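Just below is one structure, and these are the notes that go with it.
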Amino acid sequence: MSDPRIFIDADACPVKDEIYRVAERCGLKVFVVSNGWINTRRAPWIEQVVVDAGPDVADDWIAERAAPGDIVVTADIPLADRCLKAGAQALKANGSLFTADSIGSALAGRMVGEHLRSMGVATSGPPPFGPRGRSNFLQALDKAVVVARRALA
């Protein structure tokens, strides 16, 4: 049995420290993927990956490597879709899990939001991130690790 890996779409991820805690406790490899250098905890099980600048370069790196049993932490809906299709789990920083049942409506909602913004309509961003979001994320990540380990058993 191989262990699941965690991929972080890191440029705007507010739960990196929580991921590190879970990964260290569970003995999992973490890939911190970004378009530029970010301050990353140093540990042998954490690999910082800095990709070239450009649209979707970090997403492509993650999607090309995500496999069944892996966990991807991202707010990027198209990346989540690609990872789900590869058999990985995709988790938002607030603990919500992207699923095969929810990804279609998430993609449609994203397209509507982009269309409204292109017409000059102001749209709201995500709600503020606080302790409840961190707690929800930790619970969801622990559950995702259990699911991933079962899938790889």
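The values are calculated or read from the model by the stated rules, or taken from the named source; none is laboratory data. Keep in mind that what you see is a predicted model, and the values were worked out from it rather than measured. Note: ideal-geometry Cβ built from the backbone for every residue, glycine included; neighbour counts use all protein chains shown. Just so you know, the surface numbers come from the protein's heavy atoms only, side chains and all, with ligands and any DNA or RNA stripped out. Shrake-Rupley method; radii C 1.70, N 1.55, O 1.52, S 1.80 Å.
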Discussion item. Looking at SER102, SER118, can you tell me which residue is small (Gly, Ala, Ser), at pLDDT below 90 and over 22 Å from ALA151 (Cβ atoms)?
Written reply: SER118
Worksheet item: Are there any pairs with C-beta distances below 9 angstrom linking a residue in segment 89-102 that is in contact (Cβ under 8 Å) with a residue 60 or more places away in the chain to a residue that is assigned to a strand (DSSP E or B) and among the aliphatic types (A, V, I, L, M), with the two at least 6 apart or on different chains, and if so which?
Response: ALA93/VAL73
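Just wondering, is there one or more residues in segment 61-72 that are of a type in the set (Asp, Glu) and either open to solvent by 40 Å² or more (accessible area, probe 1.4 Å) or over 24 Å from PHE129 (Cα atoms) (or both)?
Yes, some residue in segment 61-72 is of a type in the set (Asp, Glu) and either open to solvent by 40 Å² or more (accessible area, probe 1.4 Å) or over 24 Å from PHE129 (Cα atoms) (or both).
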Worksheet, complete the sentence: Going through segment 46-55 in order, the residues found to be part of a loop (DSSP other than H, G, I, E, B) and surrounded by 15 or more Cβ atoms within 10 Å (Cβ to Cβ) are VAL51
Worksheet item: Does segment 89-99 contain any residue that is modelled with pLDDT under 95, more than 13 Å from the chain's Cα centre (by Cα), open to solvent by less than 70 Å² (accessible area, probe 1.4 Å) and aliphatic (A, V, I, L, M)?
Response: no
Practice prompt. May I ask you to list pairs of residues, at least six apart or on different chains, whose Cβ atoms are under 8 Å apart, with the first in segment 131-153 being in contact (Cβ under 8 Å) with a residue 12 or more places away in the chain and the second being of a type in the set (A, V, I, L, M) and in a helix (DSSP H, G or I)?
Written response: LEU138/VAL22; LEU141/ILE19; LEU141/VAL22; ASP142/VAL22; VAL145/VAL22
Worksheet item: From the set of residues in segment 73-88 that are free of Cβ contacts under 8 Å to residues at least 24 places away in the same chain and of a type in the set (D, E, K, R), which is least open to solvent (accessible area, probe 1.4 Å)?
Response: ARG82
Worksheet item: Is at least one residue of segment 32-44 within 15 Å of the chain's Cα centre (by Cα) and charged (D, E, K, R)?
Response: no
Discussion item. So, in segment 8-20, exactly how many residues are among the charged types (D, E, K, R) and either outside any helix (DSSP H, G or I) or under 14 Å from ILE71 (Cβ atoms) (or both)?
Written reply: 3
Worksheet item: Within segment 1-43, restricting attention to residues that are touching a residue at least 12 places away in the same chain (Cβ under 8 Å) and among the polar types (S, T, N, Q), which residue is surrounded by the fewest Cβ atoms within 10 Å (Cβ to Cβ)?
Response: SER2
